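Everything on this sheet refers to the single structure shown next.
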Amino acid sequence: MSAQLEQKVLDTLKGIQDPAKGIDIVSAGMVIGLQSRDGHIAFTIDIGEPARAKEFEPVRKQAEEAVHAMDGVLSVTAVLTAEKKTAPQQPQQPAADQSGLLMPGVKSIVAVSSGKGGVGKSTTSVNLALALAAKGLQVGLLDADIYGPSIPRMLGITDKPVSLDGKILEPMENHGIKCMSIGFLVEEDTAMIWRGPMVMGALEQLMRDVNWGTLDILVVDMPPGTGDVQLTMAQKVPLTGSVIVSTPQDIALLDTRKGLNMFRKVEIPVFGIVENMSYFSCPHCGERTDIFSHGGARQTAEAQGADFLGEIPLDIKIRETSDGGNPIVTSEPDSEHAKAYKAIADKVWFKAMEQMNGSQGPKIVFD
Ligand code: ADP
């Protein structure tokens, strides 16, 4: 729906002219970073040179007023920017935007993290991203796990990304979602010896220098653990919220609590905990065995002040499908397990929308 509204906004803005050039501001590539959320619209008009700011102030006002008059629009924020250095041929290139936003077209970002490795964080990230896409959302998946970038393999991507202009990388795409991995920038076995500044540099590059385009949600597969690297990443990425993955035997342990505290420290909402390998699902008879007993996870999550988002069983199908590049949400979309991921995706998207609306300023405008 918001994509439709954004297109209508662009159509409206085509009626606004650059006074000097005599062409409309959309065709001139001046409208960048257009975002819409529940009728609230924001965009940037890139005027190229600071000296044109005065001349463009009436254009900015005119653009705001024209969009405000549209059906379904509640508020409009248009800002002028003058820092763009490149010729404005590609209007929606995020990297051309110098307004301070790393990914102007990305509406929400959710980090998936875990207290330690091997709990199924990447498997959860990939299935969550695909389940969000199955809801009709535009989804990206950023593999920021320097210790084991496995997302391209799980998505069945074997090629490397290319750059069409030598500056901006095109994200890889499969199963309907866009993907970039820190593993594309570095060999798998050297990434883990990176130090903080190198990690941050690479991460920034993956956000700023990738043509993410318009995304409803970007899922970030974080490196496991709660050390300095993770903390800095959590601060650096403009996160809407986070999801913590844990196995049942760890959920009451320090690792998960540390994860919760890490995000709380940097004031990022914890959407909740996913319990992975929650119970054993027998591949022969389908019987469920609660190896680590059952129900404790929900209580523990709640005792720690976090929501319980759902449980995923230990099932060989989940391992085989994700390790084989065709995760269960796409390979068996009607299976119980796919449904479990989809239910988690519903909750995550709901919470992301809550956050987006909350930070949207006044929702009802009385003139
Ligand atoms: P992490 O990202 O936490 O290191 P991964 O997602 O890479 O963990 O998972 C580690 C291994 O466990 C992978 O081989 C994966 O296929 C498998 N795995 C993860 N979750 C499940 C599950 N629910 N059932 C079966 N195997 C799983």
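The values are calculated or read from the model by the stated rules, or taken from the named source; none is laboratory data. All of these numbers come straight from a predicted model, not from anything done at the bench. So basically every Cβ, Gly included, is an ideal-geometry build from the backbone, and we count neighbours across all protein chains shown. Surface accessibility is based on the protein's heavy atoms, side chains included, excluding ligands, DNA and RNA. Shrake-Rupley method; radii C 1.70, N 1.55, O 1.52, S 1.80 Å.
Side notes on the structure shown:
- For the chain: Kirkwood Rh in Å [reciprocal of mean 1/r, alpha carbons]: 21.7
- Surface exposure of the chain, expressed per residue as accessible area with a 1.4 Å probe, stands at 45 Å².
- Distance between the 7 Å Cα→Cβ label points at residue 266 and residue 11: 4.1 nm.
- Computed E for residue 285/residue 307 - FRET, C-beta separation, R0 35 angstrom, nearest 0.05: 0.60
- Stretch gain in nm, segment residue 3-residue 53, where the contour uses 0.36 nm per residue and the Cα spacing is subtracted: 15.1 nm
- Accessible surface for residue 178 stands near 50 Å², nearest 10, in the context of the full protein assembly shown (1.4 Å probe).
- Taking a point 7 Å from the Cα of residue 354 along the Cα-to-Cβ direction, the residues of segment 268-289 with backbone N closer than 16 Å to it are 268-274.
- Rounded to 5, percent antiparallel among DSSP beta bridges of the chain: 25
- Sulfur and carbon atoms: percent of accessible area, segment 3-81 [1.4 Å]: 53
- For the chain, the 222 nm mean residue ellipticity estimated from helices alone, with every DSSP H stretch of n ≥ 4 adding -39500 (n - 2.57) and the total spread over all residues, rounds to -10500 deg cm²/dmol.
- For segment 72-78, putting each phi into the Karplus relation 6.51 cos²θ - 1.76 cosθ + 1.60 with θ = phi - 60° gives couplings of x, 9, 9, 8, 9, 10, 10 Hz, in residue order, rounded to whole numbers and with x for Gly and Pro.
- Label-point separation, residue 317 to residue 61 (7 Å along Cα→Cβ), nm: 6.3
- Computed on protein heavy atoms with a 1.4 Å probe, the accessible areas place 317, 54 in the order 54, 317, largest first.
- Virtual spin-label span in nm between residue 20 and residue 77, 7 Å along Cα→Cβ: 2.7
- Probe 1.4 Å - accessible area at residue 14, Å² to nearest ten: 100
- Split the chain at each of the GluC sites (Glu not before Pro) in a DSSP loop with at most 16 other beta carbon atoms within 10 Å, and the longest piece is 84-186.
- Of 286, 225, 15, the one that fluctuates the most in a GNM where the chain has Cα springs shorter than 10 Å: 286
- Farthest toward the positive end of the dipole of the chain, out of 240, 218, 126, is the Cα of 240, where the dipole comes from beta carbon charges about the Cα centre.
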